[in-house]
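The values are calculated or read from the model by the stated rules, or taken from the named source; none is laboratory data. The structure presented is a predicted model; accordingly, all values stated were derived computationally and were not measured. Note that we place each Cβ from the backbone using ideal geometry, even for glycine, and neighbour counts take in every protein chain shown. Accessible surface is based on the protein model in full, side chains and every heavy atom, while ligands, DNA and RNA are left aside. Shrake-Rupley method; radii C 1.70, N 1.55, O 1.52, S 1.80 Å.
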Amino acid sequence: LPGDESAVLTPVASHHFRPAEAVRLLCDHYRTAHLEGFGYTPDDPDLPPAAALVAYLTDTQRSADAERPLRHLRPPIKFAPAEHLVLDHTTLRALEVETTLRHNTAQGSLLDTLQACRTAMGKRRLRDWLRYPLARREAIEQRQHAVTTLIDDGRLAGELGERLDRLHDVPRITARLGLGRATPRDLVALRRSTAATAELAALTSNSPAMRHLHDPLDAIATPLTALADTLAAATVDDPPAHLREGGLIRDGHDPQLDEQRSLQRDANQHLAAYQQQLTEQTGIASLKVGFNKVFGYYIELSAVQTAKLDMSQDQFRGWARKQTLKNAERFVTPELKDFESRVLGARERAIAREQQLFGELCALAADQTTRLQTLADAASDLDVLLCFAHHARRRDYCKPTLTDAPGLNATDARHPVLDELLRDKLVPNDIALGGDDASLQLITGPNMAGKSTYIRTAALITLLAHTGGYVPAQSATVGLTDRIFTRVGAADELHTGQSTFMVEMTETARICHHATDRSLVILDEVGRGTSTYDGLALAHAIVEHLARRGCLTLFATHYHELTRLADDLSEVGNLHVAVREWQGEVVFLHRVQPGSTDRSYGVHVARLAGVPDRVIDRADELLMQLASSTPSAIPSTHANTPSGDPDHGLARGDSTLPLFAHEPPPHPALEDLRAADLEAMTPLEAFDFLRQIKRQLENGRVENRSMRD
């Protein structure tokens, strides 16, 4: 990146991006004559970047298998947007699917709230399902039926969960096998995982809703069970982290390894037996066999006994003097030398043999890569389905009804994250969009009352329904949706030269261009980043545009003037968040009801946020002035105040400059221009008239009424 010294860039040869070179590289890697079987034509634009990626991985991820590097890489799969409900980065961020907006952490996100998967691969699959929901009704309902089965049959769900608890991260182990980086613990983890394949297949065999999971599991159960048996016969239950010290292969599995281990464990017994044999042969009871790190193994006799010996006798044949001490002589025999070489090299030979056996077992497992990936896919899907069933039972989720017609209707809908955090304190709401109801609902009401929660709830229920899971509501009917758009929150992108309002308008432009009558759009406070009239005009035009497009839209706003659009456009309806005022305080009911409101209670929210009382009191005073029918005014912070003290002026409430109102008056100069009879004026009179107009403008005589003309 320009200006980023920390960025590390790995160049990729440009020829990998050439179509012909890309096809050749991919065919060589996957050992195919062409790529039509993967759904690609030779001129497909997806192939050059795919080939460049494979070339990059080949260069950077060195594999121990020179003949088939990166054998675990699956063939490229063409992403079909029509098969998925599209969520762009803006929507994922605004809905806090993976991370929260404020802290940018996983805690508090939808993914974190729903995460109840038992395996690492299941947790990744849940993330994928939330990022890429389905769009085809048949595929969604297939998942729904499986979740329903797991909800209804608690015993089956429990047994499947117990089997999944035995599974480790099969995809990552498979990748390590493909790269030649597997460890002893990886191999034992794979042994335990493959051993559960047949049981998973058996448990899913009797349920029609599980057929799509049973069939692939059943097809791989026999070979993976054989692999598990082979690994179980060869490896210990508690393997070491690495093979530097050995200890992976079971005793009795390999005769060569057993011999080397026996030499290491039984060296003292061998020496004791050899010493007894020499004592019997020589008749010397004091003969000793010992070991020295410098000289190795030796036979020791006292100097007195050595002087009495006739070394030419047969029993001493082959003895060689090794070391002379003050009171002893040390000898070595061919048998002792051979024993020494075998014992001292036994550890190295044992480790080398284990490494050889380990490599053979890894190669055996790597040959099952395709089946292992099938196991990982089925187990991951099953894990997420169990996760969905778990939340549906625990939080009383409902099965959404899918329809081909666009629309969203939910009774007692709840935000899934707040439902988990607030439990019974969360106020549920009904949602009605499309069908007999307006396709665009304007939502007005106080700050902090729940408008943003309401619109996000609608989006998240739509998202969860398209994943195939249950949704947090008493009942729900969801029309198949092609995309969810969001314009929520305020953020700038200064590094790209975009202000907060520019980011807001860029996201809004994307919605206006790409939203269809099958899209769900949620908008929160569009137009608030600029002047009041600019923002109101933009918001008004955007509402009209989206209403004509027919996309399902929830538009939360404080522009109460927009609520009049419901009188002119049949596609527009009004909702408001109810409040109650009690003894000067505002109580938020968090209930969304039909109709509109014309108050935002922003001053009350400011008080809750801790704004100083002096500021709150002054804001209340100004709010009363603005709400009155008489044009309101804002005080000068310097005029009529002793020593120009601005705080003193605020306390007195002196008003000299008009603020704004719903209908600012026309400028006096405009009134004079309208009243002037230009046809009757002489040139000199016209000149004097213009001079008066100029003087009025210079004096700044402006009243606070609307300049509609």
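Going through (1) at pLDDT 95 or above; (2) surrounded by 21 or more Cβ atoms within 10 Å (Cβ to Cβ); (3) closer than 27 Å to residue 526 by Cβ one by one, residue 445 falls short only on (1).
Screening 377, 338 for residues that are acidic (Asp, Glu) and free of Cβ contacts under 8 Å to residues at least 40 places away in the same chain leaves exactly one candidate, 338.
Out of curiosity, is residue 191 touching a helix residue (DSSP H, G or I) at 6+ places or on another chain (Cβ under 8 Å), of a type in the set (D, E, K, R) and surrounded by 21 or more Cβ atoms within 10 Å (Cβ to Cβ)?
Details: touching a helix residue (DSSP H, G or I) at 6+ places or on another chain (Cβ under 8 Å): yes; of a type in the set (D, E, K, R): yes; surrounded by 21 or more Cβ atoms within 10 Å (Cβ to Cβ): yes.
It is true that residue 191 is touching a helix residue (DSSP H, G or I) at 6+ places or on another chain (Cβ under 8 Å), of a type in the set (D, E, K, R) and surrounded by 21 or more Cβ atoms within 10 Å (Cβ to Cβ).
Within the stretch 321-329, one or more residues are among the basic types (Lys, Arg), touching a strand residue (DSSP E or B) at 6+ places or on another chain (Cβ under 8 Å), under 30 Å from residue 309 (Cβ atoms) and surrounded by fewer than 20 Cβ atoms within 10 Å (Cβ to Cβ).
Hey, does the stretch 572-594 have a residue that's more than 33 Å from the chain's Cα centre (by Cα), over 26 Å from residue 413 (Cα atoms) and open to solvent by less than 50 Å² (accessible area, probe 1.4 Å)? Checking the stretch 572-594: not a single residue is more than 33 Å from the chain's Cα centre (by Cα), over 26 Å from residue 413 (Cα atoms) and open to solvent by less than 50 Å² (accessible area, probe 1.4 Å). Residue count for the stretch 16-48 satisfying the condition of being part of a loop (DSSP other than H, G, I, E, B) and either on the phi > 0 side of the Ramachandran plot or surrounded by fewer than 17 Cβ atoms within 10 Å (Cβ to Cβ) (or both): 11. Across the stretch 470-481, not a single residue is classified as open to solvent by 30 Å² or more (accessible area, probe 1.4 Å), farther than 29 Å from residue 149 by Cα and touching a Pro at 6+ places or on another chain (Cβ under 8 Å). Once the stretch 110-144 is narrowed to residues that are open to solvent by 50 Å² or more (accessible area, probe 1.4 Å) and assigned to a loop (DSSP other than H, G, I, E, B), the residue that is farthest from residue 399 (Cα to Cα) is 118. Scanning the stretch 255-270 for residues that are at pLDDT 85 or above and surrounded by 16 or more Cβ atoms within 10 Å (Cβ to Cβ) yields a total of 4.
Taking the stretch 165-176, which residues are of a type in the set (Lys, Arg) and assigned to a loop (DSSP other than H, G, I, E, B)? Before you say what the answer is, go through the steps one by one.
As a first pass, look at the stretch 165-176 and keep what is of a type in the set (Lys, Arg): 166, 172, 176.
The one that is of a type in the set (Lys, Arg) and assigned to a loop (DSSP other than H, G, I, E, B): 166.
Look at residue 359 and say whether it is within 30 Å of residue 299 (Cβ to Cβ) and not charged (D, E, K, R). No. Restricting attention to the stretch 595-604, the residues that are open to solvent by 30 Å² or more (accessible area, probe 1.4 Å), polar (S, T, N, Q) and touching a Pro at 6+ places or on another chain (Cβ under 9 Å) total 1. Restricting the search to the stretch 194-207, which residues are open to solvent by less than 10 Å² (accessible area, probe 1.4 Å) and either out of contact with any Leu (no Cβ under 8 Å at 6 or more places or on another chain) or part of a helix (DSSP H, G or I) (or both)? Matches in the stretch 194-207: 194, 197, 200, 201. Put simply, of 283, 290, 252 the only residue that is closer than 18 Å to residue 340 by Cα and open to solvent by less than 90 Å² (accessible area, probe 1.4 Å) is 290. In the stretch 554-583, the residues that are in contact (Cβ under 8 Å) with a residue 60 or more places away in the chain and closer than 16 Å to residue 526 by Cα reach residues that are surrounded by fewer than 20 Cβ atoms within 10 Å (Cβ to Cβ) and polar (S, T, N, Q) with C-beta atoms within less than 6 angstrom, at least six apart or across chains, in these pairs: 558/600; 563/596. Scanning the stretch 422-478 for residues being among the hydroxyl-bearing types (Ser, Thr, Tyr) and part of a helix (DSSP H, G or I) gives a total of 6.
Which of the residues spanning the stretch 71-109 are under 24 Å from residue 26 (Cβ atoms) and crowded, with 18+ Cβ neighbours inside 10 Å? Show your work before the answer.
Residues of the stretch 71-109 that are under 24 Å from residue 26 (Cβ atoms), as a first pass: 71-81, 83.
Residues satisfying the conditions are 71, 72, 76.
The single condition from (1) open to solvent by less than 50 Å² (accessible area, probe 1.4 Å); (2) modelled with pLDDT of 90 or more; (3) more than 30 Å from residue 69 (Cα to Cα) that residue 368 fails is (3).
Those helices (runs of 4 or more DSSP H) of the stretch 234-323 in which 2 or more residues are in contact (Cβ under 8 Å) with a residue 60 or more places away in the chain occupy 255-265, 267-282.
Evaluating residue 51 against the criteria (1) open to solvent by less than 50 Å² (accessible area, probe 1.4 Å); (2) free of Cβ contacts under 8 Å to residues at least 24 places away in the same chain leaves one unmet condition, (2).
When the stretch 154-176 is examined, which residues are found to be within 28 Å of the chain's Cα centre (by Cα) and either small (Gly, Ala, Ser) or open to solvent by less than 20 Å² (accessible area, probe 1.4 Å) (or both)? Result: 157, 158, 160, 161, 164, 167, 170, 173, 174, 175. Within the stretch 177-188, the residues that satisfy the criterion of being in a loop (DSSP other than H, G, I, E, B) and open to solvent by 30 Å² or more (accessible area, probe 1.4 Å) are 180, 181, 183.
In the list 516, 500, 530, which residue meets the criterion of being open to solvent by 10 Å² or more (accessible area, probe 1.4 Å), free of Cβ contacts under 8 Å to residues at least 60 places away in the same chain and closer than 22 Å to residue 131 by Cα?
Unique residue meeting the criteria: 516.
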